[in-house]
Amino acid sequence: MRMRPSFANCSSAVALVVLGFLAGCGRRAALGPAGSSGELPDTEVNDFALTETEQGRPEWKLYARYAATYSARDLVIARAVRVDFFDDRSQRTSTLTAREGEINDRTKNMTARGNVVLETTEGTRLSTEELRFLNARQKILVPRERLVRVEREGSVLTGYGFESDPDLRHYEFMSRVKVTVLAPANEPGSRSRDGR
């Protein structure tokens, strides 16, 4: 697999290559050290973009308003994240948005946190507070302790823990599943069913 990063709105032609990321061309964001470790980023970039390809075909594209790289940990931390996922015909199948994300520079695994929404082009919508994407397996995972809500074709499913492909065609809840069937617009009420 090959990764091709790019940066939009760059006014300078000067660039640095850091761990496979082309960095520079943007103002340094005024963001403090990562977490409580006090570690400062090696590189900070505004308007960040990253593309993962397989034999020249895009598998996903990540966009972020801000990103910081931490070379010693093979880590990229991004803010205001959007990820577009593609099928083998290079057609977009779903889009993930989140307040922030972490990308492992070596494996390209991602963790999204804060108001996480994954919506397919067919209209299925997942929402949760934390989600992991395993790049090699092309799998979406939500931890067992996290609530997940999936809206699909007139029904709402909620439960804890979740596994799926990025286009939400084949998915599985881990526990405490509840299904709510929404009534058509001309019928009042809805039906609910619990599953264990």
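We did not get these values from a lab; they are worked out from the coordinates using the rules stated. None of these values were measured; they are calculated from a predicted model. Methodologically, a virtual Cβ is constructed for each residue, glycine included, from the backbone with ideal geometry; neighbour enumeration extends over all protein chains shown.
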Reference-scaled alpha-carbon Rg (2.2 N^0.38 Å with N residues) for segment 48-196: 1.12
Loop GluC sites (Glu not before Pro), segment 107-186 (other Cβ atoms within 10 Å of the site Cβ: 15 or fewer; DSSP): Glu122, Glu153
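What relative contact order, as a whole-number percentage, does segment 40-181 give when Cα pairs under 8 Å and 6 or more residues apart are counted? If you can, show how the numbers build up before the last one.
Working: 370 pairs, mean separation 18.8, N = 142.
After rounding, I find 13 percent.
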